[in-house]
1. Extending each Cα 7 Å along its Cβ direction at residue B:57 and residue A:126, get the distance between those two points in nm, one decimal.
2. Compute the long axis of helix B:58-78 from its Cα atoms, compare it with the longest principal axis of the Cα atoms of chain B, and write down the angle in degrees, 0 to 90, nearest 10.
3. Please compute, for peptide B:39-48, the average count of beta-carbon atoms on other protein chains lying within 10 Å of each residue's beta-carbon.
4. When only C-alpha pairs under 8 Å and at least 6 residues apart count, what is the relative contact order of chain B, in percent?
5. Helix B:23-53 against the longest principal axis of chain B: what's the angle in degrees, Cα atoms only, rounded to the nearest 10?
6. Would you mind pulling out the separation of the Cα centroids of the stretch A:114-129 and the stretch A:33-105, in Å?
7. Report, in degrees rounded to the nearest 10, the 0 to 90 angle that the Cα long axis of helix A:109-126 makes with the longest principal axis of chain A.
8. With chain A rotated onto chain B, spot the residue of A whose Cβ lies nearest the axis and note the distance in whole Å.
């Protein structure tokens, strides 16, 4: 989901597609991205090992297959490394607790604002009504 | 794949869709079918457990997923319990060594002939040229 904020409004931040990432920011971003992705993949690996070890009947087997397919699709969708998407990618990872703000140290305020704003959007969206 | 043999030819057997399975034959068929299917599923389960235990990196994980999807599709395709398909289903299982002729004891000669003929077709098809 992409939310655009009108650049003219006060306290707005640029639409994430318009953010310019410097070379050093890209380095920070790549490192944080890879760390979160590797950590999530390790979780899926550990979970797959546990599920496989616990298989007793064919339905458990197909449940594992379905689970892996779902996780692969989620991860493919979540970790899209394109500058125009990084704001919401990191916002999601922040929201899920997969990244902390300190992992993003070195990004400029325009990026942090976009990231925090997306995380905040997800937080309010997930709140019980 | 379905092969039809003209019923008029000498030494022919009826097109498998035309075979009539008696109640006792259906019982034999069901038992042989279930035994082969369960055995194949157990093999997939054991293999999945081994593959999962050996996962070291994400590519191994997705290989497991792909393997399970492939096996599920193969098994779905191979084990189709319909009277009109049982000749070739058992022919395949015979060819693969998943069933022996003694597992089919109780079937009448018209069925056995259809089954053997399909197994023989697969054997010659798989021969190196």
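1. That separation, rounded to one decimal, is 3.1 nm.
2. 10
3. Mean number of neighbouring Cβ atoms from other chains: 3.
4. About 32 percent, as a whole number.
5. The angle comes out near 20 degrees.
6. 20
7. Relative to chain A, helix A:109-126 is tipped by roughly 50 degrees.
8. A:52, 2
Here, each number is a calculation from the coordinates, and none is a lab measurement. Quick caveat, the model's predicted, so the values are computed rather than measured. In this analysis, Cβ positions are derived from the backbone assuming ideal geometry, glycine residues included, and neighbour counts consider all displayed protein chains.
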